[in-house]
Amino acid sequence: MKSVALHNLGCKVNGYEIDAMQQMLQEKGYKIVSFDEEADIYIVNTCTVTNIADRKSRQMLHKAKKRNPKAIVVAVGCYVQTGREDVLKDSGVDLAIGNNKKKELTEILERFLDGKETGETVINIGETEEFEEMCLKETSGHTRAYIKIQDGCNQFCSYCIIPYARGRVRSRKEEDILNEIGKLAAGGCKEVVLTGIHISSYGTDRGERALAPLIQAIHAIDGIERIRLGSLEPGIVTEEFAEELGKLKKLCPHFHLSLQSGCDATLKRMNRRYTTREYCEKVDILRRVFGSPAITTDVIVGFPGETEEEFAETKAFLEKVKLYEMHIFKYSRREGTRAAGMDRQVADETKTERSSILLAMGKKHSMEFRESFFGRKLEVLFEEEKDIAGELFQVGHTKEYVKVAKKSEKSLSNEIFAGKIIGFLSDDIMLFE
């Protein structure tokens, strides 16, 4: 029995795919071991979103080869897709498998082990219309499962390489999604998170807006108590869309609404296709329909050409809109994108300064949002036990994804309880009783 160690880099979609690949390997009789152990085979699911992600992917591949020089090191995924030539000539890599070929991992690997020709393992991802069907049969935590519903992106934001790594929009069949979720629910999973590269475009490759109907169909599955959505684009949030979702009691009022900048001039250079005014309208719609939804976002600071005045506009906009959480990223140049060749690249020290300002603001806004739940009765899905300052707590999340802890020696994992938030246990955990 050969041992396999897997390591994942990057997004939730990559996380879903590596879990599916691990299950495929287990079904074929491979022994799964920790990546820190000596293994016969190492598989690295790579990321290419930034130049730094490429470097981390290479580092993990070389780390595996160094740990066991006799091992077979397999590079899989996005870095393979965009850096095919570099990967194929890398002495630390024995086998390279691109996107839309992960479902064939075990077959490709076994042909390689038998000394046979492996065939084409990196396709032209921009030309395929096939959704790569993979399926989870169980989740490691049994509480929350990420479900991949689509792949690819047609947006071509000026800073982003992902359309070149993942190809055009390809939607998964609804029946396959429902079948997977139904089996996970039968196994005890209570919460699903719909994820993809650009889930707002789900169904558009078939000429339809299918995300809301899909959510409605998932809502009808017995055993599923909560449905969360991955990152949404502002354009999908209409009065009709929000009101349809507002009727679904299992849908969590927790929305990640991509922003990237609070300045219209910067958004235009990013090719983001909306204005700050339109973004505000979408936030207002969600708040009108859901009351106090948790709205989170991503913001890039130091995008090429971002002046002090433009950053001040972003800062003022974020102060006005006041979101639950902001994920702040310093712009990282990515070769192969339009932004990499733009004039007026911003100095690293300026990016760091602007990032610090927004991180402090985000922390303040997050605290204020969570304080608004003091004394309110909420439902919590508990996920794990945690020792905090020598005492045992059960930790979980509200529907708004506020992290809470309840003092209890008894495991409450995968159980939903109603109660009240009575204060803060730490900066990031609230006390629940």
Just to confirm my filter: which strands (runs of 3 or more DSSP E) fall fully inside the range 210-322 and include at least 2 residues that are over 25 Å from Val169 (Cβ atoms), out of contact with any strand residue (DSSP E or B) (no Cβ under 6 Å at 6 or more places or on another chain) and free of Cβ contacts under 8 Å to residues at least 60 places away in the same chain?
none
Quick one: Met21 ticks every box in (1) open to solvent by less than 10 Å² (accessible area, probe 1.4 Å); (2) closer than 29 Å to Lys330 by Cβ except a single one, so which number is it?
(2)
Does Arg344 fit the bill of being part of a loop (DSSP other than H, G, I, E, B) and either in contact with a Pro (Cβ under 6 Å, 6 or more places away or on another chain) or open to solvent by 60 Å² or more (accessible area, probe 1.4 Å) (or both)?
yes
Would you check if Leu378 is touching a residue at least 24 places away in the same chain (Cβ under 8 Å) and either open to solvent by 30 Å² or more (accessible area, probe 1.4 Å) or outside any helix (DSSP H, G or I) (or both)?
yes
Out of Thr350, Thr337, I need the residue that is part of a loop (DSSP other than H, G, I, E, B), open to solvent by 10 Å² or more (accessible area, probe 1.4 Å) and β-branched (Val, Ile, Thr). Which one?
Thr337
Checklist (1) part of a loop (DSSP other than H, G, I, E, B); (2) at pLDDT 95 or above; (3) open to solvent by 10 Å² or more (accessible area, probe 1.4 Å) applied to Ala39, failing item:
(3)
Which of the residues that make up the range 61-86 are open to solvent by 30 Å² or more (accessible area, probe 1.4 Å) and assigned to a helix (DSSP H, G or I)?
His62, Lys63, Lys65, Lys66, Arg67, Thr82, Arg84, Glu85, Asp86
Just to be sure I understand the filter: pairs with C-beta atoms under 9 Å, separated by 6 or more residues or on different chains, first member in the range 67-83 and within 11 Å of Glu38 (Cα to Cα), second member among the hydrophobic types (A, V, I, L, M, F, W, C). Which pairs pass?
Arg67/Ala5; Arg67/Phe35; Arg67/Ala39; Asn68/Ala39; Ala71/Ala5; Ala71/Ala39; Ala71/Ile41; Ala71/Ala64
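The values are calculated or read from the model by the stated rules, or taken from the named source; none is laboratory data. Note that this is a predicted model, so its numbers are computed, not measured. Methodologically, a virtual Cβ is constructed for each residue, glycine included, from the backbone with ideal geometry; neighbour enumeration extends over all protein chains shown. Side chains included, ligands, DNA and RNA excluded: accessible areas come from the protein's heavy atoms. Shrake-Rupley method; radii C 1.70, N 1.55, O 1.52, S 1.80 Å.
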